[in-house]
1. Give the range 21-70 a look and list any residue that's of a type in the set (A, V, I, L, M), in a loop (DSSP other than H, G, I, E, B) and buried (at least 18 other Cβ atoms within 10 Å of the Cβ), or say none.
2. Can you work out which of the residues in the range 79-105 that are outside any strand (DSSP E or B) and among the hydrophobic types (A, V, I, L, M, F, W, C) is farthest from Gln66 (Cα to Cα)?
3. Looking only at residues in the range 56-101 that are free of Cβ contacts under 8 Å to residues at least 40 places away in the same chain and among the β-branched types (Val, Ile, Thr), which one is farthest from Ala10 (Cα to Cα)?
4. Taking the range 84-116 as the region of interest, how many residues are in contact with a strand residue (DSSP E or B) (Cβ under 6 Å, 6 or more places away or on another chain), surrounded by fewer than 14 Cβ atoms within 10 Å (Cβ to Cβ) and modelled with pLDDT of 90 or more?
5. Is the range 73-83 home to any residue that is modelled with pLDDT of 95 or more and aromatic (Phe, Trp, Tyr)?
Amino acid sequence: MIEIRKSKAALTLTPSAVKRVRALMERAEKPVLGIRVGITNKGCSGHSYQVEYAEDARPLEELVEQEGAKVFIDPLALMFIIGSKMDFVEGKIQSGFTFENPNAKSLCGCGESFSV
């Protein structure tokens, strides 16, 4: 008998992030499948998160679905963010997605970039 195990999600979303992703999906100007999270080489610490609409599914992407919110993870970013928690924080001056990343070894002072 073959045992099938369900793997742990590569990324978890807080209730605030789920709500924001679903709102973005609903308000998009053209049909989208969800949002895509990637990593760019940027900032004083080396890597920065990139969040954009996912109009299509790309080969080898990881899909995280949580309560109707769909987040596609770029395969090149997966090793940098696996095990992270994504949140959405809304403040008086700035709002946006934040990441609690267990793989990050250091963060820059402004919070825009990280290194692993």
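The values are calculated or read from the model by the stated rules, or taken from the named source; none is laboratory data. Since this is a predicted model, take the numbers as computed values, not measurements. Methodologically, a virtual Cβ is constructed for each residue, glycine included, from the backbone with ideal geometry; neighbour enumeration extends over all protein chains shown.
1. Residues of the range 21-70 that are of a type in the set (A, V, I, L, M), as a first pass: 21, 23-25, 28, 32-33, 35, 37, 39, 51, 54, 57, 60, 63-64, 69.
Then drop every residue that is not in a loop (DSSP other than H, G, I, E, B), which leaves 28, 32-33, 57, 60.
The one that is of a type in the set (A, V, I, L, M), in a loop (DSSP other than H, G, I, E, B) and buried (at least 18 other Cβ atoms within 10 Å of the Cβ): Val32.
2. As a first pass, look at the range 79-105 and keep what is outside any strand (DSSP E or B): 79-83, 91-94, 101-105.
Subsequent filtering for residues that are among the hydrophobic types (A, V, I, L, M, F, W, C) retains 79-82, 93, 104.
Numbers: Met79: 20, Phe80: 21, Ile81: 17, Ile82: 16, Ile93: 28, Ala104: 24 Å.
Per the stated criteria, the residue is Ile93.
3. Per the criteria, the residue is Ile93.
4. The number of residues fulfilling the criteria is 1.
5. Scanning the range 73-83 turns up no residue that is modelled with pLDDT of 95 or more and aromatic (Phe, Trp, Tyr).
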